[in-house]
Amino acid sequence: MLPVFIGVVAAALFGIGATAALGPEALLTNAWVDVVFWTLIASGAAVSAINISWECLPCQFAQWAQRKDLSEKLCRDVPCVN
């Protein structure tokens, strides 16, 4: 959740800075400003999704490899164990 919040804050700061530097009329005519704004928010959401899935990957790999010793160590505190 924190990366999404940081992405939204970065996008808001970028919007304020772009408005101060380019003016409000230029924001409507320059398409790159919208692309950067939404990319900042999307990158925060992507980092958040990667963090959620990264927590489960070592445990899932140990289960896939059928290693009981690794599975017991890696899956002990993981909330996404099947």
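The values are calculated or read from the model by the stated rules, or taken from the named source; none is laboratory data. In this text the structure is predicted, and so the values were computed from the model without any measurement. Cβ coordinates were reconstructed from backbone atoms using ideal geometry, including for glycine residues, and neighbour counts include every protein chain displayed.
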- How about the stretch 41-57: which of its residues are surrounded by 13 or more Cβ atoms within 10 Å (Cβ to Cβ) and modelled with pLDDT of 75 or more? 41, 42, 43, 44, 45, 46, 47, 48
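Considering only residues that are touching a residue at least 40 places away in the same chain (Cβ under 8 Å) and not β-branched (Val, Ile, Thr), look in the stretch 47-72 and name the one that is nearest to residue 7 (Cα to Cα). Step through it out loud before you land on a result.
Start the filter on the stretch 47-72 by keeping residues that are touching a residue at least 40 places away in the same chain (Cβ under 8 Å), which leaves 47-48, 51.
So of that shortlist, the ones also not β-branched (Val, Ile, Thr) come out as 48, 51.
Numbers: 48: 10, 51: 15 Å.
Applying the filter and picking the extreme gives 48.
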- Message: Looking at the stretch 18-37, I want the residues that are at negative phi and have a partner that is modelled with pLDDT under 85 with Cβ atoms under 7 Å, at least 6 apart or on another chain. Which pairs are those?
- Response: 18/27; 19/27; 33/27
